[in-house]
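Following: one structure in structure tokens, then a few remarks.
Only the coordinates and a few stated rules stand behind these numbers; no lab work does. Computed from a prediction, not measured in an experiment: that's the story for all the values here. Please note: Cβ atoms are built from the backbone with ideal geometry, for glycine as well, and neighbour counts cover all protein chains shown.
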Number of protein chains: 2
Amino acid sequence: MRGAVGTDDNIQKTAVSISARGKALPASPIRKLIPLAEQAKARGIKIYHLNIGQPDIETPPEFWAAVKNYSNKVLAYGNSQGMADYLKKLSHYYHRRGLDIDPDNIIVTTGGSEAIIFAMTIICEPGDELLVFEPFYTNYNGFAVQAGIKLVPLITRAEDGFHLPSESAIEKVITARTRGILYCNPNNPTGTIYTDLELEMLRRIVLKHDLFLLADEVYREFVYEGKHKSIMSLEGLSDRAIMLDSISKRFSACGARVGNLVTRNRDVYQASLYLGQARLCSPTLEQVGAAAAYDLDDSYFMKTIDEYRRRRDVVYKGLMQIPGTVCINPGGAFYIMAKLPINDAEKFASFLLTEFQLNGKTVMIAPGPGFYATPGLGQKECRIAYVLNTDDLKDAMLLLKAGVDAYNSKGK
Amino acid sequence: MRGAVGTDDNIQKTAVSISARGKALPASPIRKLIPLAEQAKARGIKIYHLNIGQPDIETPPEFWAAVKNYSNKVLAYGNSQGMADYLKKLSHYYHRRGLDIDPDNIIVTTGGSEAIIFAMTIICEPGDELLVFEPFYTNYNGFAVQAGIKLVPLITRAEDGFHLPSESAIEKVITARTRGILYCNPNNPTGTIYTDLELEMLRRIVLKHDLFLLADEVYREFVYEGKHKSIMSLEGLSDRAIMLDSISKRFSACGARVGNLVTRNRDVYQASLYLGQARLCSPTLEQVGAAAAYDLDDSYFMKTIDEYRRRRDVVYKGLMQIPGTVCINPGGAFYIMAKLPINDAEKFASFLLTEFQLNGKTVMIAPGPGFYATPGLGQKECRIAYVLNTDDLKDAMLLLKAGVDAYNSKGK
């Protein structure tokens with residue numbers, strides 16, 4: 001509430017208040033268990049972190065070498081659209097992926113996060129709607145509040161491997177304020193890779209209803225089954241497709257904050273450039289490192305992907321040892337969203353950190369509800385990020401099984 | 001215009017349209033002369049860049065050493081509020097400046113830009129108003145469009161050294177939608193340092209009218225005359241003061257994209273943290289470099305400031321050689337906003353790049369209108385950034401004088 005204009009000497013007592021959207025900003029559901037984890041660590045408990053997508057894979061030496069060999073004496077502003085050399089490298093990389101994307105289709109952003117905020121701001125007025133498929137990457141919520149837009153969630157289910165709803169179910173929620181559909185493929189948090197038929201359906205819908213289609217493809221390389229198809233290869237969407245990308249997972253460089261937006265729509269490009277000019281540029285040094293990383297050939301990814309595939313198999317096998325668990329072995333990313341035989345994932349996650357331990361060890365998971373916008377959904381689900389080595393993961397999955405037993409035997 | 005929902009096979013012809021705010025984003029007025037500059041360079045003309053605040057001063061070796069000695073193998077996410085070590089260094093630095101600011105009053109942001117966007121988003125609903133003093137830092141416009149807020153400009157004049165309007169003039173434009181006052185001190189683009197009396201007036205106004213007070217203090221150290229007083233030292237504003245800061249100019253590290261927001265208001269802090277959590281973190285490596293730079297003692301700044309003072313004196317002296325020029329020797333930052341004896345600064349800036357040269361050289365300036373929101377203002381003004389060495393600046397000022405003569409003798 002805003003106070004009245006002060007007219008007496010007591011004016012210092014009037015409390016000034018932040019905006020309603022400032023108050024609506026969500027706390028990170030992944031991060032709110034952190035204090036419990038810190039207390040557990042203080043008690044000497046070892047925690048396997050399955051709760052956050054911070055890979056343990058080393059950032060490529062080529063990245064570090066480029067950063068450390070940078071010889072300019074002044075760390076100057078780069079171009080607002082990204083450094084010219086880096087844009088060329090990106091374009092090259094996309095061409096290697098069979099995507100005809102030129103440097104002037106790309107705006108380098110500060111992480112994939114900024115690419116998403118730019119896209120939301122550019123295609124939506126405040127109050128406009130974007131369709132998303134829940135469970136979804138939880139930070140879309142914060143970006144939506146910041147951009148003043150509304151996310152309209154469509155439910156996908158563990159039993160269906162979190163594949164998309166039917167065309168009619170999607171069309172039913174389109175309103176006069178719907179401006180686009182945002183999907184993540186390979187998906188965070190579910191690991192699902194959408195089929196060509198699903199992408200064809202989205203294509204039909206956005207053409208029919210005059211919408212933008214936004215694809216978060218930061219996990220493009222992390223594919224273990226089937227084949228990933230990029231939004232930029234869909235026909236007839238040159239005006240409508242916006243791809244959101246990042247080096248964070250691709251090169252295990254989350255702290256670099258180097259992402260990018262890709263579009264063939266010149267208005268979207270121009271508006272992104274203007275947003276980019278306002279904030280001047282993305283980090284210079286990290287673009288230099290990223291440019292070197294994109295020189296790596298695909299053997300780099302093959303090695304990484306083999307490692308992640310082994311990890312996924314360990315986690316999936318471990319989950320299948322917990323009777324009553326529902327999940328379909330996902331094709332990509334490095335997450336599994338599993339429905340566990342528990343009544344409340346948030347209580348269960350807290351229990352694992354506060355009451356449970358086995359041989360001085362426990363696990364930390366991301367509770368399902370944080371990935372849903374619809375209240376009451378995801379209560380039995382948790383997201384497991386397989387970003388540890390396979391030995392640790394094996395141990396962690398045994399702990400998870402024991403944790404489920406202990407939680408249920410306490411009658412929680 | 002949004003197309004109607006397609007119902008026939010022609011749906012691919014319906015053009016999808018970006019949002020009104022996407023269309024309202026301003027082009028950078030500083031950057032739009034760049035193509036003319038590139039053409040001049042292609043003709044072999046040497047250009048002295050007085051148009052952009054990219055310092056030539058070397059980034060401290062301590063910054064580079066910290067970055068290059070960083071030994072982690074994984075470039076991981078940092079904390080959303082900033083790396084713990086860096087927050088401590090910042091708090092230390094502020095205490096050295098006589099400001100009682102603790103690590104938990106600080107949120108590290110991706111450049112000062114993000115700090116400003118966070119503050120606008122947190123204190124304003126879409127459509128709310130912030131008072132600013134024009135001429136102002138031109139990118140405030142882009143941030144305001146992104147945040148969906150309205151900047152209400154109050155005019156300051158070259159003849160008054162761009163000091164603030166009267167208390168009654170400021171109060172006159174406050175409406176029910178006014179949420180705060182944003183000022184920059186030392187000022188970009190004018191170089192003005194506000195007096196204690198001016199700051200006391202702003203303090204009275206925000207208390208009386210229940211507003212936030214936002215201060216962009218990225219040029220804090222760049223003071224050549226008088227004394228800079230920080231917003232964080234004003235009494236009774238613990239709830240209302242938000243300071244916006246950055247290492248870009250302080251350590252000549254514009255490409256690092258490391259800024260921060262400072263507040264003692266817990267709601268503003270919390271909302272900033274949530275915005276920070278959504279985008280995960282600011283660049284990790286550059287915070288490591290910045291932390292090392294803040295270990296430098298004030299002899300570093302004294303050397304830098306002596307150099308800038310000499311530069312300022314060269315530019316001011318040069319301007320005084322151009323009859324009819326109006327400007328008061330500014331006390332801080334590294335800009336001078338001068339009213340020149342010309343009819344149109346934008347035409348003059350183009351003229352310098354397209355028609356003028358002397359001994360194969362010319363100068364590039366930032367035309368005044370880009371720093372004003374009110375149409376028609378600043379037409380005779382230009383901003384000069386003194387970010388070149390004194391020899392180059394002497395030459396540049398002679399060229400500027402010759403440029404004015406040539407422009408006027410052509411009867412433009």
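Worth a mention:
- Formal net charge of residues neighbouring B:Gly53 (Cβ-Cβ distance under 10 Å; K, R +1; D, E -1): +2
- Only DSSP H runs of four or more residues enter the estimate; each adds -39500 (n - 2.57), and after division by the residues of the protein assembly as shown the mean residue ellipticity at 222 nm equals -11500 deg cm²/dmol.
- Taking every Cα-Cα distance in region A:253-349 and sorting them into 10 Å bins starting at zero, the pair-distance distribution P(r) comes out as 12, 25, 24, 23, 16, 1 percent.
- Karplus-derived HN-Hα couplings along region A:121-133 (A = 6.51, B = -1.76, C = 1.60, θ = phi - 60°), whole Hz, x at Gly and Pro: 5, 7, 9, 10, 7, x, x, 6, 10, 10, 7, 9, 10
- One equal scatterer on each Cα of region A:18-166, no solvent, Debye formula: the resulting log10 I(q)/I(0) at q = 0.13, 0.19, 0.20 Å⁻¹ is -1.02, -1.28, -1.28.
- Selected from A:Gly318, A:Gly289, A:Gly98 as most flexible by GNM, with chain A as the system and alpha-carbon contacts under 10 Å: A:Gly98
- A cut-off of 5 Å between modelled amide H atoms, ignoring neighbours fewer than 5 places along the same chain, links A:Phe133 with A:Leu154.
- Reducing region A:282-315 and region A:74-92 to their Cα centroids gives an inter-centroid distance of 20 Å.
- Within the protein assembly as shown: Cβ-based charge dipole about Cα centre, in debye rounded to nearest 20 (Lys, Arg +1; Asp, Glu -1): 0 debye
- Orientation-averaged projected area, Cα convex hull of region A:66-154 (nm²): 8.2 nm²
- Projected area, mean over directions - region A:115-167, Cα convex hull, nm²: 4.0 nm²
- Label separation (B:Lys88 vs B:Arg309): 3.5 nm, computed from points 7 Å beyond Cα along the C-beta direction.
- Once the Cβ-Cβ distance of B:Leu398 and A:Arg97 is raised to the sixth power relative to R0 = 56 Å, the FRET efficiency obtained is 0.55.
- Our estimate of slack between B:Gln321 and B:Glu159, defined as 0.36 nm per intervening residue step minus the Cα-Cα distance, is 56.6 nm.
- If you wrap the tightest convex hull around every Cα atom of the protein assembly as shown and split its volume per residue, you get 168 Å³.
- Distance from region A:180-232 to region A:41-58 (C-alpha centre basis), Å: 30 Å
- Within 10 Å of each Cβ in A:20-30, the average number of Cβ atoms from other chains: 5
- Calculated FRET value between B:Arg266 and B:Ala169, using beta carbons and R₀ = 35 Å, to 0.05: 0.60
- Straight-distance candidates among the lysines for linking to B:Lys68, with alpha-carbon spacing under 28 Å and chain neighbours fewer than 8 residues away dropped: A:Lys68, A:Lys73, A:Lys88, A:Lys89, A:Lys249, A:Lys303, B:Lys88, B:Lys89, B:Lys249, B:Lys303.
- Other-copy label distances relative to B:Gly376, 7 angstrom Cα-Cβ extension, nm: 6.1
- Along region A:141-150 the Karplus relation, 6.51 cos²θ - 1.76 cosθ + 1.60 evaluated at θ = phi - 60°, assigns HN-Hα couplings of 4, x, 4, 5, 5, 4, 7, x, 10, 10 Hz to successive residues, with x for each Gly and Pro.
- Size of region A:80-293: Rg and Dmax of its alpha carbons, in Å, are 16.2, 47.
- Using alpha carbons only, the radius of gyration of region A:185-258 set against its Kirkwood radius gives Rg/Rh = 1.00.
- Relative contact order of region B:76-293, pairs being alpha-carbon contacts under 8 Å that are 6 or more residues apart, as %: 29 percent
- Size descriptor, Kirkwood hydrodynamic radius, that averages inverse alpha-carbon separations across chain A, Å: 22.6 Å
- Length-normalised contact order of region A:224-382 in % [C-alpha pairs under 8 Å, at least 6 apart]: 15 percent
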